[in-house]
Amino acid sequence: MEKKKLIFPYEAFYSISHQPTGKEQEIWLVFHGYGQLSEFFIRKFLPFSGEDRLILAPEGTNYGFLKDFQGRVGANWMTRHERETAIANNHRFLDLLMEEILQKYPQKPSIHVLGFSQGAATATRWAARWDHRVKQMILWAGGFAHDLILEKAKDQFRTTEILMVFGEKDELITSESIASQRAFFGLLEKEVRELNFEGGHELNIPLLQKIVKKEG
């Protein structure tokens with residue numbers, strides 16, 4: 001018995017704050033966490049969209065029931081099963097999405113990326129090999145993918161502002177995982193700003209507002 005694969009056209013979904021005008025100065029690419037859907041995740045960011053800022057929320061291409069075999073469905077970026085194939089599919093999807101969006105801009109806007117939880121690893125893995133550079137990378141309740149090629153990532157993120165954000169009561173963030181991320185920041189030779197809030201595994205809207213609007 002031999003297991004083989006076939007590449008074919010595939011439909012993937014994303015949510016967008018509004019139709020691009022080509023005049024926005026910023027594009028925010030926001031990656032949801034495990035078990036979420038883009039149309040709900042993007043709602044947290046819609047108050048910050050406008051004529052100067054476009055929000056894009058790609059959706060993971062793997063789906064499953066959140067409990068048992070019925071009810072709510074959520075998306076994820078990958079599982080252990082056929083992991084490398086899922087990563088390659090994510091890259092093709094995100095490359096094509098950004099290529100299509102950026103065609104509308106005679107002058108390329110600044111690109112800001114926020115990855116929440118599982119979305120943080122997917123965001124860093126993709127941005128580390130993208131053809132363009134990211135101005136700002138926000139790792140919220142998550143971190144850099146552990147399998148990045150160090151030298152390539154160091155070059156790609158050398159001008160990128162990096163923020164690490166986590167809730168003080170986040171049950172999924174351990175002191176060991178934070179220490180591991182800090183060690184990787186050192187290997188990247190990056191100064192990383194760390195922000196925290198009193199809360200759990202969630203987006204904190206007041207803090208998000210300060211980051212997006214560059215307050216404080």
Approximate spin-label separation LYS152-GLU2, in nm, with each point projected 7 Å along Cα-to-Cβ: 2.9 nm
Report the charge-dipole magnitude of the stretch 131-192 in Debye, nearest 20, computed about the Cα centre from +1 at each Lys and Arg Cβ and -1 at each Asp and Glu Cβ. 220 debye
Over the Cα atoms of the stretch 3-75, Rg to Rh with Kirkwood Rh, two decimal places? 1.09
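Whenever you get a sec, compute what percent of the accessible area on the stretch 66-208 sits on carbon and sulfur atoms (1.4 Å probe).
Heavy-atom surface of the stretch 66-208 belonging to carbon and sulfur, 1.4 Å probe: 50 percent.
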Tell me the net charge near PHE13. Cut-off is 12 Å between Cβ atoms, PHE13 excluded, with +1 for each Lys or Arg and -1 for each Asp or Glu. -3
The farthest towards the positive end of the charge dipole of the chain, of the residues GLY115, VAL73, LEU6, given +1 on Cβ of Lys and Arg and -1 on Cβ of Asp and Glu, is LEU6
Whole number in Å², please: accessible area per residue of the chain, 1.4 Å probe, ligands, DNA and RNA not counted. 57 Å²
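Just tell me, in residue order, which DSSP H segments of the chain are both 15 angstrom or longer along the helix axis (alpha-carbon based) and at least -1.0 in mean Kyte-Doolittle hydropathy.
Length and hydropathy pass: 83-102, 175-188.
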The local net charge around PHE157, scoring Lys/Arg +1 and Asp/Glu -1 for residues other than PHE157 whose Cβ lies under 9 Å from its Cβ, equals +3
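Using only DSSP helix segments of four residues or longer, with each worth -39500 (n - 2.57), what per-residue ellipticity at 222 nm results for the chain after dividing by its residue count and rounding to 500?
Working: 6 runs with 63 residues, N = 216.
My calculation for the chain gives -8500 deg cm²/dmol from helical runs alone.
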Sequence neighbours fewer than 8 away in the same chain don't count; with that in mind, list the lysines whose C-alpha is under 20 Å from LYS135. LYS23, LYS104, LYS108, LYS152, LYS154, LYS190, LYS210, LYS213, LYS214
When the dipole is taken about the Cα centre of the chain, and only Lys, Arg (+1) and Asp, Glu (-1) are charged at their Cβ, what size is it in debye, to the nearest 20? 260 debye
Kindly state, to the nearest 0.05, the FRET efficiency for ARG182 paired with LYS213, given R0 = 41 Å and r defined as their beta-carbon distance. 0.95
State the antiparallel share, in %, of DSSP beta bridges confined to the chain, rounding to the nearest 5. 25 percent
Which of the peptides 146-153, 195-202, 34-41 is most tightly packed, and how do the rest follow, judged by the mean count of other Cβ atoms within 10 Å per residue? 34-41, 195-202, 146-153
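The values are calculated or read from the model by the stated rules, or taken from the named source; none is laboratory data. Note that the coordinates shown come from a computational prediction; the quantities given were computed from them, not determined experimentally. Please note: Cβ atoms are built from the backbone with ideal geometry, for glycine as well, and neighbour counts cover all protein chains shown. Just the protein is used for accessible areas: all its heavy atoms, side chains included, with ligands, DNA and RNA removed. Shrake-Rupley method; radii C 1.70, N 1.55, O 1.52, S 1.80 Å.
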